[in-house]
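Scroll down for the structure; my scribbles are underneath it.
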Amino acid sequence: MFSSKRIKLRKVEKGDTEKYHSWRNDTDVMFSTNPSLDLYSLDDTREFVENVLIHSDSSKSYIIIEKENEVSIGITSLINIDYKNRNAECIIDIGEKEYWGQGYGKEALSILLNYAFQELNLHRVSLRVFSFNEKAIKLYKNLGFKEEGNSRQSLYRNGQWHDILHMGILKEEFIN
């Protein structure tokens, strides 16, 4: 378990399935992070939690807990971890909307990146972000992520095409 002033991260457990299921099926939560916006059955979510979030060798997933109230507010993960080339992707969702815009995402990603670079000794962490998600882009840049590429018009939302930006951060950029 990792912690900061306001939050702690702990490994995903089977008991998190229903909470995660509610976030995964909330289109407001997933609108800015999930390309498909598919709705999932509880059985689909159980299988995903068990096989991907808990027992995958190539990912590490953590529930974000707000310390004061001991409330699960979101999830963050390192996915597609490549130990040989020392890189991974990161993802984050703050599932509890009343916690949006209060810096919890930045705090959680800071903890996750510190773990990635200090404990796992990764060299690079990347992410993808929808071009209309300006708050997230600002957050990632504030953490030190650099824009590395762009998948033009690869996401269709609300009758418009949007780009998906590719961003990355190197260990020395985060540590310094």
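The values are calculated or read from the model by the stated rules, or taken from the named source; none is laboratory data. No experiment lies behind these values; they were computed from the predicted model shown. Virtual Cβ from ideal backbone geometry, glycine too; neighbours counted across all protein chains shown.
Quick notes on this structure:
- Of the criteria (1) part of a loop (DSSP other than H, G, I, E, B); (2) under 22 Å from residue 88 (Cβ atoms); (3) of a type in the set (Asp, Glu); (4) at pLDDT 95 or above, which one residue 57 fails: (4)
- From the list 17, 76, 45, the one residue that fits, being touching a Ser or Thr at 6+ places or on another chain (Cβ under 9 Å), within 27 Å of residue 168 (Cβ to Cβ) and of a type in the set (Ser, Thr, Tyr), is 76.
- Cβ-Cβ under 8 Å pairs, at least 6 apart or on other chains, region 164-176 side within 10 Å of residue 146 (Cβ to Cβ) and in contact (Cβ under 8 Å) with a residue 12 or more places away in the chain, far side part of a loop (DSSP other than H, G, I, E, B) and of a type outside the set (Asp, Glu): 167/145; 168/145; 169/144; 169/145; 170/123; 173/144
- Filtering region 124-146 to residues that are over 21 Å from residue 26 (Cα atoms) and surrounded by fewer than 15 Cβ atoms within 10 Å (Cβ to Cβ) leaves 138, 141, 142, 146.
- Candidate set from region 73-115 (those that are part of a loop (DSSP other than H, G, I, E, B) and touching a Gly at 6+ places or on another chain (Cβ under 9 Å)); member that is surrounded by the fewest Cβ atoms within 10 Å (Cβ to Cβ): 96
- Complete set of residues in region 1-41 that are surrounded by fewer than 14 Cβ atoms within 10 Å (Cβ to Cβ) and assigned to a strand (DSSP E or B): 3, 11
- When restricted to residues that are touching a residue at least 60 places away in the same chain (Cβ under 8 Å) and either at positive phi or assigned to a helix (DSSP H, G or I) (or both), region 131-163 contains 1.
- For region 48-73, a tally of residues being of a type outside the set (A, V, I, L, M) and within 16 Å of residue 15 (Cβ to Cβ) returns 7.
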